[in-house]
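Below: the structure, in structure tokens.
Please treat every number below as a calculation from the coordinates, not as lab data. Note that this is a predicted model, so its numbers are computed, not measured. Neighbour counts are summed over all protein chains in view; Cβ atoms, including those assigned to glycine, are modelled from backbone coordinates with ideal geometry.
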């Protein structure tokens, strides 16, 4: 029997995580229709992201919910999942992030039968769940987004500002 390495575990869970996400949506959509499936999927992802954020926070030994802590947590997740991005810290209270490649969009791009769903997933999933998760992490962090690859832009952006007003 083969001794399982950390690389083996990473391969297994990475490949199956994305596959499970896609299959879950396809089967749910088949059973209850697009709108209800999307509503369920969004609720699950919001709950899952909050759990993921808490686990990453603990794993990274982050003790506060500052803007820089949020960046540490989200960039950890994105790096593990294979996102391509850059960020620019404007000040202690403002950070701009540009996403060049999103693994979820890349997966849908490879499936011509789902390409018509990309804009819907972007608008009705990605935008709302990041807003909800960031607000839950720290309600003083304001998220502004103007570019979305899923809606035709060449990048996605996140402008994050800490509202220091009481």
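Tell me the label-point distance for the pair residue 77, residue 106, using the 7 Å Cα-to-Cβ offset, in nm and rounded to one decimal.
Using points 7 Å along Cα→Cβ, the separation is 1.8 nm.
Alpha carbons only, please: Rg and Dmax for the stretch 72-166, in angstrom.
Expressed in Å, the Cα Rg and Dmax of the stretch 72-166 come to 14.0, 48.
Top mean-square fluctuation among 143, 32, 133, Gaussian network model of the chain, C-alpha springs under 10 Å?
32
Per residue Cα convex hull volume for the chain, in cubic angstrom?
Expressed per residue, the convex hull around the Cα atoms of the chain is 141 Å³.
Let me see the pair-distance distribution of the stretch 30-103: every alpha carbon pair, 10 Å bin width, integer percents in order.
Taking every Cα pair in the stretch 30-103, the percentages come to 16, 37, 33, 12, 2.
Can you give me the Rg/Rh ratio for the stretch 1-68, using Cα atoms for both radii and the Kirkwood formula for Rh?
1.12
Give me the distance in nm between label points sitting 7 Å out from Cα along the Cα-to-Cβ direction at residue 3 and residue 164, one decimal.
Modelled inter-label distance: 5.3 nm.
Who wins for biggest fluctuation among 29, 113, 81 in a Gaussian network model of the chain, springs between alpha carbons below 10 Å?
It is 113.
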